[in-house]
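Here's the structure we're looking at; comments come further down.
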Number of protein chains: 2
Amino acid sequence: MGTGEYEYEKPNYEKQPHKVAIPPPQPFFKSLGNTVKETFFPDDPLRQFKNQKPVRKCVLGVQYFFPIFDWAIRYNLSFFKSDVIAGITIASLAIPQGISYAKLANLPPILGLYSSFIPPLVYAMMGSSKDLAVGTVAVASLLTGSMLSAVVDPKENPTLYLHLAFMACFFAGVLQASLGILRLGFIVDFLSHATIVGFMGGAATVVILQQLKGILGLQHFTHGTDIVSVLRSVFSQTHQWRWESALLGVCFLFYLLVARYVSQKRPKLFWISAMAPLTSVILGSVLVYLTHAEKHGVQVIGELKKGLNPITIMDLSFGSQYLSTAIKTGIVTGVIALAEGIAVGRSFAMFKNYNIDGNKEMIAFGMMNIAGSCTSCYLTTGPFSRSAVNFNAGCKTAVSNIVMAIAVMITLLFLTPLFYYTPLVVLSSIIIAAMLGLINYEEAIHLWSLDKFDFVVCMSAYFGVVFGSVEIGLVIAVALSLLRVLLFVARPKTSVLGQIPDSMIYRSMDQYQNAKAVPGILILQIDAPIYFANSGYIRERISRWVDEEEDRLKCSGENSLQYVVLALSAVGNIDTSGITMLGEVKKLMERRGLKLVLANPGGEVIKKMNKGKLIEAIGQEWIYLTVGEAVGACNFMLHTYKKDENATSTGSSSGKETWSDNNV
Amino acid sequence: MGTGEYEYEKPNYEKQPHKVAIPPPQPFFKSLGNTVKETFFPDDPLRQFKNQKPVRKCVLGVQYFFPIFDWAIRYNLSFFKSDVIAGITIASLAIPQGISYAKLANLPPILGLYSSFIPPLVYAMMGSSKDLAVGTVAVASLLTGSMLSAVVDPKENPTLYLHLAFMACFFAGVLQASLGILRLGFIVDFLSHATIVGFMGGAATVVILQQLKGILGLQHFTHGTDIVSVLRSVFSQTHQWRWESALLGVCFLFYLLVARYVSQKRPKLFWISAMAPLTSVILGSVLVYLTHAEKHGVQVIGELKKGLNPITIMDLSFGSQYLSTAIKTGIVTGVIALAEGIAVGRSFAMFKNYNIDGNKEMIAFGMMNIAGSCTSCYLTTGPFSRSAVNFNAGCKTAVSNIVMAIAVMITLLFLTPLFYYTPLVVLSSIIIAAMLGLINYEEAIHLWSLDKFDFVVCMSAYFGVVFGSVEIGLVIAVALSLLRVLLFVARPKTSVLGQIPDSMIYRSMDQYQNAKAVPGILILQIDAPIYFANSGYIRERISRWVDEEEDRLKCSGENSLQYVVLALSAVGNIDTSGITMLGEVKKLMERRGLKLVLANPGGEVIKKMNKGKLIEAIGQEWIYLTVGEAVGACNFMLHTYKKDENATSTGSSSGKETWSDNNV
């Protein structure tokens, strides 16, 4: 590297060494196009279509919407072996989980099996994740149950309830697919990680509490999901507790937890944990069959209908008086399911280093739910537990979903009678074991250490769900997430910069304890884009910094303040209110006898300053490329001015004029 | 200035010249205190109380809430003279305007006078603006009218309607005072300037359309406020139009507009415009009295009750079935009134260079509306037109409000019979003339040239009000404002930096056409704080920049990419999702065989990176204070590595190792 590169550092204030450039104006439609592209197509999905022949474009288009045509041609036997093992493993988890979660949604248990048959097939065609295993999830099931039960009693009117569940699933699918097609996937990003942790943990707690009914073998139970109602309901009927049921439940829970612990310690033994639910179901069923425990207070599943999914497309009645309930349930559960599915897909893609297109995934989820709603399925997504097992079992492609679907199909066709004696308490144990994994207290501790506000958000969502209801928790979570964003925007950081010793670098004096203030010059940095929501605050804050600095100087008897340098490096964007605010700050400073100097305004800022005639107002010569140059110029003038004052003893001429007279 | 300051510029990569500092940890409660202070007390209102004796603190406290005790002691005769002139001037405007706006709210005209008597007195005690003139405003009156008329017919049940108006005013006051006391004034900032311009313009258009009833002397009129209903209503009864009324209206409108034009051209003649409404009222009344036009289709005000405001505190019934309507109306009109009042107060304070504490103003507005609701007043605030007249008339303090109140009091006590013959059409003309000033088309053009999205927001609010209703327009305006903020946050700018020739400065290549890319190194700048809402986007965008750069290099056959430098200067804040995202980017880059280098992480970023163990993951030695130093180090290693490769022909040793072996 030549030393010529450092030439500029010699202070040369006769002519400004580096001018702040105004980016060339862009035609309106080009800049509109860019904005639309960045907003809706940040991942540039059309990139691969560029410079291709029409036929190839068609092929790519089909492959885009049906990734199976992309990877199927490269599929081989070794992939198939892995996928079959993974598929059978997840099927063994899917069957008991499906039955359990269907009960959570107050739906017939068989729906859990139906939902593990058709949707995985659709996803295998359209999904872009290699590791996602499709199925129903506890939280969405619970939400479906609580929202639909509020208007229709599942026991009094089971058919209507069932149809509403299909309709909710249909609308969830429509919503998901539309979000994907309209490329609005980023809406899901507004659910922050902290709120999801809190919400999921709360929902898991609620689901566990609901299982007390099954574990204790209670016949009557509260309809509320909050901890107060549930515990009151449980402890008001202690005489109804069945020890047989409780004993069985605790034993199986212990077995499941031990199995999971072993698998966690030795990832190679993942199958112990994966097979544990099915083993529990088999053991439990055999035990009940042998001891006739169903006659001694242990409730069993009973008859499951044999046969594949009945077609239910005719049951979607859009003239129903409960249409709005179905739509509401669909929207809420659809978004929750989407958030979980996308997050799971992305996490595993990150592990294996491939890309997931969120919007494309949404279309896949949407189509699989629309198809599901027509074939006796309720809401499905990519559950974390099942996908993790799939990943650990070594799946290679979405073929593992197809294998799972075939295994479920065989079960539906031939094996349903085997579940007659399956005790409900085992299903409760399976749910509890799965849910305990969702209460991510470690992450909550991590949030506490990293960011207190995130922790508060997380806890609010948690307690909202546990003490209120799932819906209340969700509303709190979303509101807090939005409030968080708005607070971030409304109260950006501002800091005073000082000079790093032996350099021309200026940095925040809070962060760099060795940075030194420059006498007579206050250097302020605004650490965020300036919008209407924070421009008032920034104006107030700048005034306050100046007030404080003047007070400090007065107390210490130093020279008074002459220049205020605004470092705009971090102001990546600005709107009309921001430009107005800068103009006001300029006037405010002028009235206080201070000179406003700008350093490093970005492209967006200088462009709008130019259009708003602010460059002339502030003066081209008071806008510098770096803080160093701005301070250098101010310092130069401060010293020249002082020298001049000493020589002629006239203090009234302004620094500017003196400067031009003393061009040494 | 010594040259020693530029020493650092000599590249010296054996030891890192400038270390990125981690700000010293702050105790939890201190940092919480700081956050609370910045969020709720950004203007540091307690500053003046510091280091004062207890007695002095009490005095300051009283003066804080009742600024009158602060300025009254400095009040003198010359102030008084100016204030009397200003006060009488605004009273002459307040009386006809008050009567007109009360009719807009479907309230008895006398309420307009009542509302110009008590509230100004309260404001004079508690308000901190010297220029604000208190009174009712058109938009809030219209909103009150339309929201209350939807549930109670003002003609069928005038008493209930009146009580609801007082209750709405009471709740508006409670809301305003609470916002002030809870220091939540910044909520008003979320109504962007663009939406306010659009909303106000739309409301003014609607108000003007409503005046067609008065101008044309129609008896029946639509209840809708949208342009379609109004025009249909007007043109479906062309046979009912009264030419006498229309002629009178057009003449007075012409007179008012000419008066305003003259005043605008010559600010010294402000009184011509200020007196014009009262002159019109007098002229109109005399004309009607002489010609008995009230018997020829010109409607007149009729009898106004003599006497001061009746006490109405007993009429506030909180058990009413319409309580929710009153609360809703109070909230909506309260916020709108607040936004206008605060904006007006701030603008004039800016002119005269004094400070307005938004939260304190809100308390003053709130108290004046609570007091008003107990004394037969409906919602008041600081209208722009009246305050501008007050300012131009040379008011010095809030005494001008007291003078206006006394003038109105005299009118109420003795002069009300004089308004018997005042034709309604004159009031319509006064409203139209005032409203034309609110349609700020110049600002809309300015928005178009400055920021297209702001223009779209403005127009949406305008058309929402004009074609929908005031409420629809308001909802659109608020929703768009929020969407704007969220979009700003969700899609921050990222840009590629290049080297400014003959310097160590790196700037955006979009803005600086002469900046040059550095071979083998991609320098990316993230132009906004990183939050959960944009971390996913930023990750995608970084990948895409790398993709595009690699494609470009492949096409041009240049050396492949080795380093990705992330310039974090503009990342003023980061949350847990952001930290996770940085970790993911690091892994992504690693898998692509690229080295991630960070430049200038701010205090917040480096602190959280430290807590999140990200510094170790990325490597302390890959974090630099400036982009220049980061690029310098990368360049040094690229060249050393190349030399090394040429000398020994082993390309597999990593740059890092080579570097440490070649410490020249």
Enumerate the pairs (first residue in region A:404-423 and farther than 15 Å from A:PRO277 by Cβ; second residue anywhere and at pLDDT below 90 and aliphatic (A, V, I, L, M)) with beta-carbon separation below 7 Å, excluding pairs fewer than 6 apart on the same chain, so at least 6 apart or on different chains. A:MET409/A:LEU308; A:LEU412/A:LEU308; A:LEU413/A:LEU308; A:THR416/A:LEU304; A:TYR420/A:VAL300; A:TYR420/A:ILE301; A:TYR421/A:VAL288; A:TYR421/A:VAL300
So A:ASN106 fits all but one of (1) of a type outside the set (Ser, Thr, Tyr); (2) at positive phi; (3) touching an Asp or Glu at 6+ places or on another chain (Cβ under 8 Å); what number is the exception? (3)
Condition check for B:VAL206: buried (at least 22 other Cβ atoms within 10 Å of the Cβ) and either under 27 Å from B:VAL300 (Cβ atoms) or among the aliphatic types (A, V, I, L, M) (or both): yes
Look through B:ILE526, B:ILE530 and report the one residue that is modelled with pLDDT of 85 or more, under 25 Å from A:VAL36 (Cα atoms), within 9 Å of chain A (Cβ to nearest Cβ) and touching a helix residue (DSSP H, G or I) at 6+ places or on another chain (Cβ under 9 Å). B:ILE526
Of the residues that make up region B:334-348, is at least one at pLDDT 90 or above, surrounded by fewer than 17 Cβ atoms within 10 Å (Cβ to Cβ) and touching a helix residue (DSSP H, G or I) at 6+ places or on another chain (Cβ under 7 Å)? no
Residue satisfying all of: in region B:460-487; within 14 Å of another protein chain (Cβ to nearest Cβ) and of a type outside the set (Gly, Ala, Ser); nearest to B:ILE196 (Cα to Cα) among these: B:VAL478
Go through (1) assigned to a loop (DSSP other than H, G, I, E, B); (2) in contact with a Leu (Cβ under 8 Å, 6 or more places away or on another chain); (3) not hydroxyl-bearing (Ser, Thr, Tyr) and name the single condition B:ASN355 misses. (2)
Out of curiosity, is B:ALA133 farther than 16 Å from B:GLY302 by Cα, assigned by TED's automatic domain parsing to the domain that holds B:LEU278, part of a loop (DSSP other than H, G, I, E, B) and of a type in the set (A, V, I, L, M, F, W, C)? yes
Of the residues A:SER128, A:SER192, which is within 14 Å of another protein chain (Cβ to nearest Cβ) and touching a helix residue (DSSP H, G or I) at 6+ places or on another chain (Cβ under 6 Å)? A:SER192
Test: residue in region B:626-637 that is assigned to a loop (DSSP other than H, G, I, E, B), closer than 28 Å to B:GLY578 by Cα and at pLDDT 50 or above: yes
Out of everything in region B:9-30 that is at pLDDT below 80 and outside any loop (DSSP other than H, G, I, E, B), what residue ends up being farthest from the other protein chains (Cβ to nearest Cβ)? B:PHE28
Taking the condition of being within 14 Å of chain A (Cβ to nearest Cβ), within 26 Å of the chain's Cα centre (by Cα) and assigned to a helix (DSSP H, G or I), how many residues in region B:31-67 meet it? 8
Please state which one of A:SER116, A:SER82, A:SER128 is at pLDDT below 90 and either farther than 24 Å from A:ALA276 by Cβ or assigned to a loop (DSSP other than H, G, I, E, B) (or both). A:SER128
Listed by first then second residue, the pairs whose first member lies in region A:226-250 and is surrounded by 15 or more Cβ atoms within 10 Å (Cβ to Cβ), whose partner is of a type in the set (D, E, K, R) and part of a helix (DSSP H, G or I), with beta carbons under 9 Å and at least 6 positions apart or on separate chains, are A:VAL230/A:LYS213; A:SER233/A:LYS213; A:VAL234/A:LYS213
When the residues of region A:377-400 are filtered to those that are aliphatic (A, V, I, L, M) and part of a loop (DSSP other than H, G, I, E, B), which remaining residue is nearest to the chain's Cα centre (by Cα)? A:LEU379
Among the residues of region A:300-319, are any part of a loop (DSSP other than H, G, I, E, B) and aromatic (Phe, Trp, Tyr)? yes
Among residues belonging to region B:567-582 that are at the interface with another protein chain (Cβ under 10 Å from one of its Cβ atoms) and touching a Leu at 6+ places or on another chain (Cβ under 7 Å), point out the one that is farthest from B:TYR624 (Cα to Cα). B:THR576
Within region A:403-442, count every residue that is within 14 Å of another protein chain (Cβ to nearest Cβ) and buried (at least 20 other Cβ atoms within 10 Å of the Cβ). 0
Going by the structure shown, is B:ALA138 crowded, with 24+ Cβ neighbours inside 10 Å, in contact with a Lys or Arg (Cβ under 7 Å, 6 or more places away or on another chain) and at negative phi? no
Does B:ASN369 count as more than 14 Å from chain A (Cβ to nearest Cβ) and in a helix (DSSP H, G or I)? yes
Pairs returned, first residue in region B:594-611 that is more than 10 Å from chain A (Cβ to nearest Cβ), second residue that is of a type in the set (S, T, N, Q) and surrounded by 21 or more Cβ atoms within 10 Å (Cβ to Cβ), beta-carbon separation under 7 angstrom, 6 or more apart or interchain, are B:ALA599/B:THR626
Could you say whether any residue in region B:546-562 is under 25 Å from A:ILE445 (Cα atoms), more than 9 Å from chain A (Cβ to nearest Cβ) and out of contact with any strand residue (DSSP E or B) (no Cβ under 6 Å at 6 or more places or on another chain)? no
Residues of region B:489-507 being out of contact with any helix residue (DSSP H, G or I) (no Cβ under 6 Å at 6 or more places or on another chain), at the interface with chain A (Cβ under 7 Å from one of its Cβ atoms) and either buried (at least 23 other Cβ atoms within 10 Å of the Cβ) or closer than 15 Å to A:LYS19 by Cα (or both), which ones? B:ILE500, B:ILE505
Can you give me the number of residues within region A:295-330 that are crowded, with 18+ Cβ neighbours inside 10 Å and more than 13 Å from A:ALA168 (Cβ to Cβ)? 6
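The values are calculated or read from the model by the stated rules, or taken from the named source; none is laboratory data. These figures come from a predicted structure and were not determined experimentally. We place every Cβ from the backbone using ideal geometry, glycine too, and count neighbours over all the protein chains shown.
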